[in-house]
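Worksheet: one structure, shown below.
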Amino acid sequence: SGTDFFAKVSKEWQAPLDTLNTPNTRKATFRIGFVLGRDGGGLPPLATLTKCFLGGKLGSGKQWLSWIHIEDVGRMFCWAIESEALGHYNATAPHPVTNEEFMATLREQLHRPWSPPAPAFVLRLLGKVMAPDPSLALISSRILPKRAMEEGFGFEFPDLESAMKNLLQ
């Protein structure tokens, strides 16, 4: 596990569960990335902004985004139950992308060739008055589902383009 903000929060969240003595109960936990779905989460508002030509990169655009298709999240939960998975798993797709790549793929899928970037200082200002805080998009997290893949989980949507094609068409 990492040392960034999200890694620290995950460790603090997992610690109480790790200390519980449950000899007859198998424990599998998931650190869930940015879930892409048609009807909820972050994709619909980003798609709406992009359709209005406001789908540019956020800040530098170099921050990593560890995403996962909602169907793969559900499949991963079922896999954990059926495979006797035990311990902590990252529920993210195997190919994280930068914010710049994510927004470029979204614009391509929605046939928007260009959008102006959103400067970091603007996102930080908005963060003072909006919830959830839009400046959270400036945090970089490159998280891989290494354990789940090593233990046999396979993704239906391993790459961003196939995920967005499925969700936006």
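The values are calculated or read from the model by the stated rules, or taken from the named source; none is laboratory data. Computed from a predicted model, the values in this text were never measured in an experiment. Neighbour counts are summed over all protein chains in view; Cβ atoms, including those assigned to glycine, are modelled from backbone coordinates with ideal geometry. Quick note on the areas: whole protein, heavy atoms, side chains included, nothing else; ligands and nucleic acids left out. Shrake-Rupley method; radii C 1.70, N 1.55, O 1.52, S 1.80 Å.
Does residue 13 count as free of Cβ contacts under 8 Å to residues at least 60 places away in the same chain, open to solvent by 20 Å² or more (accessible area, probe 1.4 Å) and either within 19 Å of residue 168 (Cβ to Cβ) or assigned to a helix (DSSP H, G or I) (or both)? Spell out how you get there, then give the answer.
Values: free of Cβ contacts under 8 Å to residues at least 60 places away in the same chain: yes; open to solvent by 20 Å² or more (accessible area, probe 1.4 Å): yes; either within 19 Å of residue 168 (Cβ to Cβ) or assigned to a helix (DSSP H, G or I) (or both): yes.
Considered against the rule, which asks whether it is free of Cβ contacts under 8 Å to residues at least 60 places away in the same chain, open to solvent by 20 Å² or more (accessible area, probe 1.4 Å) and either within 19 Å of residue 168 (Cβ to Cβ) or assigned to a helix (DSSP H, G or I) (or both), residue 13 comes out as yes.
What are the residues in segment 25-45 that are hydrophobic (A, V, I, L, M, F, W, C), within 22 Å of residue 169 (Cα to Cα) and open to solvent by 20 Å² or more (accessible area, probe 1.4 Å), if any? Steps first, please.
Step one: list which residues in segment 25-45 are hydrophobic (A, V, I, L, M, F, W, C), which gives 28, 30, 32, 34-36, 43.
Now narrow it down to the ones that are within 22 Å of residue 169 (Cα to Cα): 34-36, 43.
Within segment 25-45, 34, 35 meet the criteria.
Please give the helices (runs of 4 or more DSSP H) falling wholly within segment 99-169 in which 2 or more residues are out of contact with any His (no Cβ under 7 Å at 6 or more places or on another chain), touching a residue at least 40 places away in the same chain (Cβ under 8 Å) and among the acidic types (Asp, Glu).
Values: elements: 99-109, 120-127, 146-150, 160-168.
Counting at least 2 such residues, we get 99-109.
Return the pairs, sorted by first residue and then second, in which the second residue is among the acidic types (Asp, Glu), the first residue lies in segment 66-78 and is open to solvent by less than 30 Å² (accessible area, probe 1.4 Å), the beta carbons are less than 8 Å apart, and the residues are 6+ apart or on different chains.
Taking only residues 6 or more apart or on different chains, the pairs are 69/156; 72/156.
Find the residue count for segment 126-157, including only residues that are open to solvent by less than 40 Å² (accessible area, probe 1.4 Å) and at pLDDT 90 or above.
6
Which residue, of 22, 48, 3, is free of Cβ contacts under 8 Å to residues at least 12 places away in the same chain, open to solvent by 60 Å² or more (accessible area, probe 1.4 Å) and part of a loop (DSSP other than H, G, I, E, B)?
Values: 22 fails: open to solvent by 60 Å² or more (accessible area, probe 1.4 Å); 48 fails: part of a loop (DSSP other than H, G, I, E, B).
Answer to the check: 3.
It is to be established whether one or more residues within segment 57-77 are in contact with a Pro (Cβ under 9 Å, 6 or more places away or on another chain) and at positive phi.
yes
Looking only at segment 88-117, which residues are closer than 15 Å to residue 153 by Cα, open to solvent by 20 Å² or more (accessible area, probe 1.4 Å) and touching a strand residue (DSSP E or B) at 6+ places or on another chain (Cβ under 8 Å)? Give the derivation first.
Within segment 88-117, the subset closer than 15 Å to residue 153 by Cα is 88-95.
Narrowing the set further to residues that are open to solvent by 20 Å² or more (accessible area, probe 1.4 Å) leaves 88, 90, 94-95.
Correct list: 88, 90.
Can you tell me which residue in segment 31-45 is farthest from residue 68 (Cα to Cα), limited to those that are assigned to a strand (DSSP E or B) and touching a helix residue (DSSP H, G or I) at 6+ places or on another chain (Cβ under 7 Å)?
Here is the first cut: in segment 31-45, the residues assigned to a strand (DSSP E or B) are 31-32, 34-36, 41.
Those still in the list that are touching a helix residue (DSSP H, G or I) at 6+ places or on another chain (Cβ under 7 Å) too: 31-32, 35-36.
Working: 31: 11, 32: 8, 35: 5, 36: 6 Å.
Top of the filtered list is 31.
May I ask you to verify whether residue 75 is over 24 Å from residue 123 (Cα atoms), part of a helix (DSSP H, G or I) and modelled with pLDDT of 90 or more?
Numbers: over 24 Å from residue 123 (Cα atoms): yes; part of a helix (DSSP H, G or I): yes; modelled with pLDDT of 90 or more: yes.
When the stated conditions are applied, residue 75 passes them.
For segment 79-91, how many residues are outside any helix (DSSP H, G or I) and touching a residue at least 60 places away in the same chain (Cβ under 8 Å)?
Taking segment 79-91 and keeping what is outside any helix (DSSP H, G or I), we get 84-91.
In the following step, the residues that additionally are touching a residue at least 60 places away in the same chain (Cβ under 8 Å) were identified as 85-91.
Qualifying residue count, segment 79-91: 7.
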